[in-house]
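In what follows, a structure is listed as structure tokens, so that the remarks can point back to it.
None of the figures in this text is laboratory data; all of them are computed from the coordinates on show. In this text, all values refer to a predicted model and were calculated from it rather than measured experimentally. Counting neighbours? That spans all protein chains shown, and the Cβs are built from the backbone with ideal geometry, glycine included.
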Amino acid sequence: MIEMRKVFFSYKAGDEIQVSDLNIEIKAGEFVLLCGKSGCGKTTILKMINGLIPHAIEGNYQGKVTIYNKSVREMETFEIAEKVGSIFQNPKTQFFNLDSDGELSFGLENMGIEPCLIKAKVQNTINELDIENLKNRNVFELSGGEKQILAVASVYATNPEIYVFDEPSANIDECGIEKMREMLIKLKEQGKTIIISEHRLYFLVDLIDKAIYLEDGKVKHIFSNTEFSLIDNKMRKGMGLRAFTKKIILIL
């Protein structure tokens, strides 16, 4: 479904290679974690899948990235957007409206959906994700977690086959993380393909099908779910990864 073959990339502003000799295959319906220390190339990979590289971000790009055997370089941006939905670390960077209802409708409007169908699809999204509390809200009055949930819901409304998440838990609290986990479970149950870059791992370790560990822009190892969950603390810390279980603080 998604393939990266002999991919190299460095940003135009500098010669430092961001990713090098990438060979990755992601099957339809897989839940894939990209992990590794900051700067290892996780975000660059996501930008290659959602087409920001090379359509919006220039650089030295070699190799081939394909979705359903079609080169991302050769696809029109609207074609990619129909298949790939993106959720960024800071949801404010992807908001285009002042109110939540308008934000939920925005992607559908850009797809040319009839207004009557848009209304139904938005309500369906609200019902399925249980976000009635986000209806008719000023986006500037939402909490960080609510903004991120709204960003996911806005993508969900357009029903893409592939979701890419770039550190979605970075700016949200525990309640937001729990809601994010619920939505990831729903997407997994629907058979969506999910690629997520994350530092917080405890809320998704049991959901992933495989983990791709990156080091200095290269794939160091690909773990199955079982292999990844069996990594001991010493190895995990050496890899620069955070805890696989939630820290519990006891107040005596």
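Some points to look at:
- Under the Debye formula (equal points on every Cα, no solvent term), log10 I(q)/I(0) of region 90-143 at q = 0.17, 0.25, 0.27 Å⁻¹: -0.53, -1.07, -1.17
- Here is how the number arises for the chain: DSSP H runs of 4 or more residues each give -39500 (n - 2.57), the sum is divided by the residue count, and the result at 222 nm is -10000 deg cm²/dmol.
- Between region 72-89 and region 205-219, the Cα center-to-center distance that results, in Å: 22
- With 19 Å as the limit, the listed pairs Lys27/Lys234; Lys47/Lys83; Lys6/Lys42; Lys192/Lys237; Lys27/Lys179; Lys83/Lys121 have Lys27/Lys234; Lys192/Lys237; Lys27/Lys179 beyond it between alpha carbons.
- Protection proxy ranking of 161-169, 109-117, 234-242, by the mean of other Cβ atoms within 10 Å over each peptide's residues and highest first, is 161-169, 234-242, 109-117.
- Other-chain or far-sequence residues with amide H under 5 Å of Ile113's (modelled H): none
- Where both bridge residues fall in the chain, DSSP classifies roughly 60% of the beta bridges as antiparallel.
- Cα-derived Rg over Rh, computed across the chain with Rh taken as Kirkwood radius: 0.97
- Loop-located GluC sites (Glu not before Pro) in region 45-106 (DSSP state not H, G, I, E or B) with no more than 10 neighbouring Cβ atoms inside 10 Å: Glu74, Glu76.
- Here the Debye sum runs over all C-alpha atoms of region 1-114 as equal scatterers in vacuum, and log10 of I(q)/I(0) at q = 0.10, 0.20 Å⁻¹ comes out as -0.34, -1.20.
- Cα centroid separation, region 104-170 to region 13-56: 25 Å.
- Across the options Ser229, Ile194, Gly144, the greatest Cα extent toward the positive end of the charge dipole of the chain (unit charges at beta carbon of Lys, Arg, Asp, Glu) belongs to Ser229.
- For the chain, complete DSSP H runs whose alpha carbons reach 15 Å or more along their own long axis and whose mean Kyte-Doolittle score is 0.5 or higher are 144-157.
- Coil-residue chymotrypsin sites (Phe, Trp or Tyr not before Pro) of region 58-101, DSSP, other Cβ within 10 Å capped at 13: Tyr68, Phe96
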